[in-house]
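Single-structure report; data block below.
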Amino acid sequence: MFDRRLPVGLVLLLAGVGAVAQAPGARKLFVTNQGGATITVLDERTAKVDTVLDLRRLGFSDNAKPHHVVVEPDGSFWYVSLIGDGRVLKFDRSHRLVGQVRMETPGLLALDPAHDSLYVGRSMTAVNPPKSLGVIMRSSFTLVEEQEILVARPHALAVSADGKWVHTASLAENRIASVETATGRVTLTSIPGAARSLVMFAISPDGRTMVAGAELANSLFVFDLTRPPPLVPVREIPVDGKPWEARFAPDNKTVYLTLLLKNGVAVVDAQAGKVSRVLTGSIAQPYSMALASDGRRAFVVSQNTGALAPGQSGHDKHGMAGHDAKDGWLSVLDLRSGKETRTVMLGRGPTGLGAAGLR
């Protein structure tokens, strides 16, 4: 049994770091380049590359496959999952490797905002992964236990704002497992009907609503988190184009959702239950995304894994030294005009995008 009661403020003190918020404009964006074993770090304000961390120089393999990244709210530490090398890594704010934990096919990561826990799901590339979540104590960076969750191929992952519940959805069946963190008790939610395959969760800033893109059903599920599990969908909104990762706007009702097959970002009114517009630009197979601290811009990761289209090849469009046509890029979107204002080249096969305070 791990210490489920250690408050997050004490975690930061144990780590020797004060819980001081980052200065405005100092937030960093971390993008995992899964196909290239590198991680690109950008300055959020300028959207320029600060550094590129090559995991091979730290002793990891060409097949390390960095997949997902999460960052402490004050930026003191950040964590990344390596699917290929079976590790979860901990870095400090100077990008020094300070800890690592072995795990089978780690996938998405989620920070517990109230306790000393980092939860680790399983990669969607794993055909038959363990039916469990990794539970890592962040301060000591040790694997405390693997929490059984009773559903196959757990992927989507989120922790409630009060740290009382961890939710994970199965890719293989229409079920969500909700773990009560104080007791380890699991409550299952079943969604009737055809297969949906919920990919990723996002929780609203006020903690009252959770959404998930359903890639097989081309829809967005909305859940009311003010009621304890089992969860009951409030609505299912049709969204064409293989919906992938969602992020809430500060108003708690507008949801931005990457569309993997439609090369765009849907803007969804989760309360009204409709898509208001689709943002495009040079986006190609968008995976992860984040909103800027001021809520005025969106950062969208293009994997660039589909057929090349005019203006969508990293090589053709940018012609930058050190990049080829298979590298992905980051698009900066102005959310007021809906226009793409900047693109920044990343590495091969980018996937996850993390930043301090991003949930």
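The values are calculated or read from the model by the stated rules, or taken from the named source; none is laboratory data. This structure is a prediction, so every number in the text was calculated from the model and none was measured. So basically every Cβ, Gly included, is an ideal-geometry build from the backbone, and we count neighbours across all protein chains shown. The area values use the complete protein model at the heavy-atom level, side chains included, leaving out ligands, DNA and RNA. Shrake-Rupley method; radii C 1.70, N 1.55, O 1.52, S 1.80 Å.
Brief remarks on what is shown
- Taken about its Cα centre, the chain carries a charge dipole of about 320 debye when Lys and Arg each add +1 at the Cβ and Asp and Glu each add -1 at the Cβ.
- Less than 5 angstrom separates the built amide H of VAL144 from those of VAL135, ILE136, MET137, all sequence-distant by 5 or more or on a different chain.
- Cross-link pairs LYS48/LYS274; LYS65/LYS253; LYS131/LYS326; LYS48/LYS326 - those with Cα-Cα distance over 32 Å: LYS48/LYS274; LYS65/LYS253; LYS131/LYS326
- The string of couplings for segment 228-239 from the Karplus curve (6.51, -1.76, 1.60, θ = phi - 60°) is x, x, x, 7, 10, x, 6, 7, 10, 9, x, 9 Hz, one whole number per residue in order, with x for Gly and Pro.
- For segment 106-126 and segment 157-173, distance of Cα centres in Å: 9 Å
- Counting Lys and Arg as +1 and Asp and Glu as -1 over every other residue whose Cβ lies under 11 Å from the Cβ of LEU97, the net charge comes to +3.
- Options LEU108, ILE176, SER160, ranked by Cα towards positive dipole end of segment 77-215, top entry (Cβ charges): LEU108
- Relative contact order for the chain: 13 percent, from Cα pairs under 8 Å spaced at least 6 residues apart, divided by residue count.
- Charge dipole (debye, nearest 20) of segment 36-88; +1 at Cβ of Lys and Arg, -1 at Cβ of Asp and Glu: 180 debye
- For THR341, the accessible area of its heavy atoms, probed at 1.4 Å with every protein chain present, is near 90 square angstrom.
- Extension gain for THR305 to ARG235 (0.36 nm times residue separation, less C-alpha to C-alpha distance): 22.0 nm.
- Over all other residues within a Cβ to Cβ distance under 12 Å of HIS67, the charged ones net out to +2, with Lys and Arg as +1 and Asp and Glu as -1.
- Dipole moment magnitude, nearest 20 debye, segment 162-237 about Cα centre, only Lys, Arg, Asp, Glu C-beta charged: 120 debye
- Here the Karplus curve 6.51 cos²θ - 1.76 cosθ + 1.60, taken at θ = phi - 60°, turns the phi angles of segment 86-100 into couplings of x, 9, 10, 10, 10, 10, 8, 5, 8, 6, 8, 6, 10, x, 7 Hz, with x standing for Gly and Pro.
- Taking 0.36 nm per residue of separation and subtracting the Cα-Cα distance, full extension of the segment from ASP224 to VAL49 would add 59.2 nm.
- Total formal charge among the other residues, if their Cβ is under 12 angstrom from that of THR341, Lys/Arg +1 and Asp/Glu -1: +3
- Close amide H partners of GLY107, meaning residues 5 or more places away or on another chain with modelled amide H under 5 Å apart, are GLY121, ARG122, SER123.
- Listed values [x] 1.01; [y] 0.96; [z] 0.93, entry calculated as Rg/Rh (Cα atoms, Kirkwood Rh): [z]
- Mean Cβ count within 10 Å, highest first, over the residues of peptides 330-338, 244-252, 284-292, 42-50: 284-292, 244-252, 330-338, 42-50
- A cut-off of 5 Å between modelled amide H atoms, ignoring neighbours fewer than 5 places along the same chain, links TRP165 with SER160, THR181.
- Set of segment 114-128 residues, backbone N closer than 16 Å to the point 7 Å along the Cα-Cβ line of ASP162: 114-115
- Area of ASP62 that stays accessible when all protein chains are in place (1.4 Å probe, Å², to 10): 110 Å²
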